[in-house]
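Chemist: Submitted below is the structure of interest, expressed as structure tokens.
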Amino acid sequence: MLELLLCSMLTIFPDYLFRRYVQGKRIGREITLYTMWYELRWGITACLLLTVSLITLIFYYHPSTKNVTAIFRTVTILPETTGRVAEVFVGVNAKVESGAPLFRLDSSEQEAARETAQRRIAETVAETTVAQTELAAADGLIQQAQGAYQQALDELATRQELLRRRADVSVREVERLQVVADGRKGGLDASVANKRTIETKLESLLPAQKASAEAALAQAQVELDKTLVRAGVAGTVQQFTLRPGDVVNTMIRPAGILVPEEAGRVALIAGFGQVGAQVMKKGMIAEATCIGKPFTIIPMVVTEVQDVIAAGQLRPTDQLVDVRQLAQGGTLTVFLEPLYSGQQAGLPPGSSCIANAYTNNHDALAAKDISTSRWLFLHVVDAVAIVHAGIIRIQALMLPVQTLVLGGH
């Protein structure tokens, strides 16, 4: 309607002035309701053509959409393990900081596993102490075996010398002493091997067992820590109705929802028509008005334009997809952020909005090699943006009225 009124001032109104003051025709006489089309046919025709052209020009180079939402993401409150709730620390709609405890599951099994691991570490330490004592005893046994072996060698040498001098010594006795010396030599080797076994136990086996027990303790502590569920980010706890005794399942029964503090307060996500895909660019200035913040125009800037349209997404299935299922036109996803900090303050996350984006041809107009026709056209494109800016301000005024008065209850 605004475009029609504007175009009529440039077409119908001059046509009427020509009929009235040049041709002398008057309203109610020559110009009546029945003769209006014939008398003002050039102005009416030009007005309709100009109106259609103006609307097309405005909506193409300055896209508008009602598909704008302050989308936000929630965090599901879910433990890493299934269990029964033992203690709850917060209530419904509670404000929590990052890392604050929310609830705790029954941890008797995890505590028992941790206690077992601690006992195993203590047992390993005790075994180390015993092995050190055994090592000292092994040194004593080695000295004892060395003495006995040396004594057997001395007796054997004495008997062999007497046998060589043909003293009163039998060959049988010398052989017996040789067997005794060999046996004591074996005892000495066994003592030395026993000491090496104890040393290996102290150097390798017991430290490995202690390290395994410490790893088991760390794992048990991790499992115990999983029973205490904390807030990953600062925010508000919603739909949190857990009570001690409830069973929480990691697959089918979450505990609640955590809405982050910054959720939906950073940017707006808008879906513009596909026809504006060649116009929407990163850095464009935009404006938005939201039902959650009435009578307010929020200056925005386009920070990102998604280079794909979600309606054409194809995922492999066991059935061939008919293209008609994808033929429904989707929208071009655009991310809008406030031009100035704090402009989006007070806007509830999830609010529905209306947004306009404005094409800026300043750089193109500043080019030295621009033609006159293009210079004039770009000036027209930039000038008609004021019409769209006026429309969104009218919408900002009418939106609460339409919702509260004309929308019904």
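Chemist: Ordered by residue, what ³J(HN,Hα) values in Hz, to whole numbers, does segment 75-91 give under the Karplus form 6.51 cos²θ - 1.76 cosθ + 1.60, where θ = phi - 60° and Gly and Pro are x?
Modeler: 10, 6, 7, 8, x, 7, 9, 7, x, 9, 5, 9, 7, 10, 9, 10, x
Chemist: Just to confirm the number: angle between the C-alpha axis of helix 372-383 and the first principal axis of the chain, 0 to 90 degrees, nearest 10?
Modeler: 80
Chemist: Using +1 at the C-beta of Lys and Arg and -1 at the C-beta of Asp and Glu, which of 350, 273, 50 has the Cα lying farthest in the positive direction of the dipole of the chain?
Modeler: After comparing all options, I get 50.
Chemist: A follow-up question, please. Out of 118, 361, 68, whose Cα points farthest toward the positive end of the dipole of the chain (charges: +1 Lys, Arg; -1 Asp, Glu; placed on Cβ)?
Modeler: Checked the options; the winner is 361.
Chemist: Moving on to the next point. Could you derive backbone 3J(HN,Hα) for segment 238-250 from the dihedral phi with the Karplus parameters 6.51, -1.76 and 1.60 (θ = phi - 60°), listing whole Hz in sequence and x where the residue is Gly or Pro?
Modeler: In residue order, the calculated couplings are 10, 6, 9, 10, 5, 9, x, x, 5, 9, 9, 10, 5 Hz.
Chemist: What does a probe at residue 345 reach in segment 266-282, counting residues whose amide N is under 19 Å from the point 7 Å along Cα→Cβ?
Modeler: Zone members listed by number: 266-268.
Chemist: Given (1) 21.1, 74; (2) 46.4, 173; (3) 21.0, 67 as candidate values of Rg and Dmax of the Cα atoms in Å, which corresponds to the one derived from the coordinates?
Modeler: Structure-derived value, by its label: (2).
Chemist: Which order do the peptides 255-267, 124-136 come out in when sorted by mean C-beta neighbours inside 10 angstrom, highest first?
Modeler: Numbers: 255-267: 18.0, 124-136: 13.8.
Top to bottom by mean Cβ count within 10 Å: 255-267, 124-136.
Chemist: Between 282, 185, 95, find the one with the highest GNM mean-square fluctuation for the chain; connect C-alpha pairs within less than 10 Å.
Modeler: Among 282, 185, 95, the largest mean-square fluctuation in the Gaussian network model of the chain belongs to 185.
Chemist: Sticking with this structure for a sec: Test of understanding: in a Gaussian network model of the chain with alpha carbons linked when under 10 Å, which of 206, 399, 54 would top the mean-square fluctuation ranking?
Modeler: Among 206, 399, 54, the largest GNM mean-square fluctuation belongs to 206.
Chemist: Calculated from DSSP H runs of 4 or more alone, at -39500 (n - 2.57) each and per residue, what is the 222 nm mean residue ellipticity of the chain, nearest 500? The partial results should precede the final answer.
Modeler: On the way: 10 runs with 180 residues, N = 409.
Only helices count here, giving -15000 deg cm²/dmol.
Chemist: May I pose another question? Collect residues whose amide H, placed 1.01 Å from N in the peptide plane, falls under 5 Å from the amide H of residue 82; neighbours closer than 5 in sequence don't count.
Modeler: Under 5 Å from the amide H of residue 82: 250.
Chemist: List the aspartates and glutamates whose Cα lies under 13 Å from the Cα of residue 201, skipping any in the same chain that are fewer than 8 positions away.
Modeler: 127, 134
Chemist: Still on this structure, I have one more. Given the options 288, 88, 249, identify the residue whose Cα lies farthest towards the positive end of the charge dipole of the chain (+1 on Cβ of Lys, Arg; -1 on Cβ of Asp, Glu).
Modeler: Value computed over the given set: 288.
Chemist: Taking the chain as a Gaussian network, where each spring joins two C-alpha atoms under 10 Å apart, which residue of 274, 143, 395 fluctuates the most?
Modeler: Of 274, 143, 395, the Gaussian network model singles out 143 as fluctuating most.
Chemist: A further question follows. Between the alpha-carbon centers of segment 359-409 and segment 94-117, tell me the distance in whole angstrom.
Modeler: 57
Chemist: Return the distance in nm (one decimal) between the two label points of a simple spin-label model at residue 225 and residue 308, each offset 7 Å from Cα along Cα→Cβ.
Modeler: 3.7
Chemist: With charges only on Cβ, +1 for K and R and -1 for D and E, what is the dipole size of segment 248-338 about its Cα centre, in debye, rounded to 20?
Modeler: Working: 7 positive and 8 negative charges, 23 e Å.
The dipole of segment 248-338 has a size of about 100 debye.
Chemist: Could you run the Karplus curve 6.51 cos²θ - 1.76 cosθ + 1.60 with θ = phi - 60° over segment 40-55 and give me ³J(HN,Hα) per residue in whole Hz, x for Gly and Pro?
Modeler: Values per residue, Gly and Pro as x: 10, 4, 5, x, 5, 4, 4, 5, 5, 5, 5, 5, 4, 5, 5, 4 Hz.
Chemist: A follow-up question, please. Using only the Cα atoms of segment 78-145, what semi-axes does the equivalent ellipsoid have when each is the square root of 5 times a gyration tensor eigenvalue? Give whole Å, largest first. It would help to have the intermediate numbers written out before the result.
Modeler: On the way: eigenvalues 554, 28, 10 Å².
For segment 78-145, the semi-axes come out at 53, 12, 7 Å.
Chemist: For segment 130-157 and segment 200-244, what is the centre-to-centre distance using only Cα atoms, to the nearest Å?
Modeler: 49
Every number here is computed from the coordinates shown, using simple stated rules; none is lab data. The structure displayed is predicted, hence computed values, not measured ones. When we count neighbours, we look across all protein chains shown, and the Cβ atoms used for this are built from the backbone with ideal geometry, even at glycine.
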